[in-house]
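Engineer: Below is a structure I'd like to ask you about.
The values are calculated or read from the model by the stated rules, or taken from the named source; none is laboratory data. Just so you know, these numbers come straight off a predicted model, no measurement behind them. We place every Cβ from the backbone using ideal geometry, glycine too, and count neighbours over all the protein chains shown. Just so you know, the surface numbers come from the protein's heavy atoms only, side chains and all, with ligands and any DNA or RNA stripped out. Shrake-Rupley method; radii C 1.70, N 1.55, O 1.52, S 1.80 Å.
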Amino acid sequence: ARAACSLLEAHASATQGGNVAHLRTPVFYDTSAYLRLDASTRRNLEILEAYDGSARGAMVTVLDRCSTGMGKRLLRSWLVRPLADPAAIGARLDAVEALVEDYALRTDLREALRRIGDLERLVGRLGGGSAGPRDVARLADALAAIAALRARLSGAAEALARHGESLDSLPLVEDRIRASLVDEPAAA
């Protein structure tokens, strides 16, 4: 795994002009925490694509109601690597139950996540040096939305409140961005 990570880093460096300092060190996770689904099992269960190779009818297309690209990627990850630990499964189900029972919270979270957008890709552009002034302004908007999301989750059920506590809206970064940019930044 370490050799594969080194090869990926070399590939990223070669294709990104050597600008990979923004990449985090890979984190190894405990494989026993997840069920192993080989390619044949994933294909037969039609998790990511139907048996004919199309996305239509696949499990992911039936379940995906995500508001952001980050959510879509997370859902795909959860489907191909389902939890094995009963306590972790229970915690996830408690969070789902809390959302099902609280329509207003669910609506507020969906709106907050839409305002955050695809933060992973945005941060990748920023770290890779290919972001423009509007991207930086978009980061400030996303950070403000994260602060609102954290505040909204603070009054939610325990299963969701602990996720809110883990969010850091980086208020000093947001303030610095807003102080540095004009109201309508240029595209590039």
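Engineer: Find all pairs meeting these conditions: Cβ atoms under 9 angstrom apart; at least six residues apart or on different chains; first residue within segment 140-159 and touching a residue at least 60 places away in the same chain (Cβ under 8 Å) and over 20 Å from residue 172 (Cβ atoms); second residue open to solvent by 10 Å² or more (accessible area, probe 1.4 Å) and not in a helix (DSSP H, G or I).
Structural biologist: Between residues of segment 140-159 that are touching a residue at least 60 places away in the same chain (Cβ under 8 Å) and over 20 Å from residue 172 (Cβ atoms) and residues that are open to solvent by 10 Å² or more (accessible area, probe 1.4 Å) and not in a helix (DSSP H, G or I), the close pairs are 157/102.
Engineer: Moving on to the next point. How about segment 67-84: which of its residues are among the β-branched types (Val, Ile, Thr) and under 15 Å from residue 41 (Cα atoms)?
Structural biologist: 80
Engineer: A follow-up question, please. Select, from 61, 41, the only residue that is assigned to a helix (DSSP H, G or I), farther than 23 Å from residue 85 by Cα and of a type in the set (S, T, N, Q).
Structural biologist: 61
Engineer: From the list 32, 40, 6, 54, exactly one residue is without any contact (Cβ under 8 Å) to a residue 60 or more places away in the chain, over 21 Å from residue 162 (Cβ atoms), of a type in the set (Ser, Thr, Tyr) and open to solvent by 80 Å² or more (accessible area, probe 1.4 Å). Which is it?
Structural biologist: The conditions single out 32.
Engineer: I'm told residue 26 meets every condition in (1) part of a loop (DSSP other than H, G, I, E, B); (2) exposed (fewer than 14 other Cβ atoms within 10 Å of the Cβ); (3) without any contact (Cβ under 8 Å) to a residue 12 or more places away in the chain except one. Can you identify the failing condition by its number?
Structural biologist: (3)
Quick grid of which residues meet (1) part of a helix (DSSP H, G or I); (2) small (Gly, Ala, Ser); (3) free of Cβ contacts under 8 Å to residues at least 12 places away in the same chain; (4) under 22 Å from residue 137 (Cα atoms):
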site	(1), (2), (3), (4)
67	no, yes, no, yes
74	yes, no, yes, no
78	yes, no, yes, no
93	yes, no, yes, no
114	yes, no, no, yes
123	yes, no, no, yes
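Engineer: Kindly establish whether residue 97 is within 17 Å of the chain's Cα centre (by Cα) and in a helix (DSSP H, G or I).
Structural biologist: Taking the combined requirement at face value, the residue does not satisfy it.
Engineer: Does residue 109 count as open to solvent by less than 30 Å² (accessible area, probe 1.4 Å) and at pLDDT below 95?
Structural biologist: Yes.
Engineer: Whether any residue in segment 116-136 is more than 30 Å from residue 17 (Cβ to Cβ) and out of contact with any His (no Cβ under 8 Å at 6 or more places or on another chain) is what I want to check.
Structural biologist: No, because not a single residue in segment 116-136 is more than 30 Å from residue 17 (Cβ to Cβ) and out of contact with any His (no Cβ under 8 Å at 6 or more places or on another chain).
Engineer: Please pick out the residue among 75, 93 that is open to solvent by 40 Å² or more (accessible area, probe 1.4 Å) and under 30 Å from residue 31 (Cα atoms).
Structural biologist: Just one listed residue meets the conditions, 93.
Engineer: Identify the single condition in (1) part of a helix (DSSP H, G or I); (2) within 27 Å of residue 12 (Cβ to Cβ); (3) not hydroxyl-bearing (Ser, Thr, Tyr) that residue 161 does not satisfy, given that it satisfies every other one.
Structural biologist: (2)
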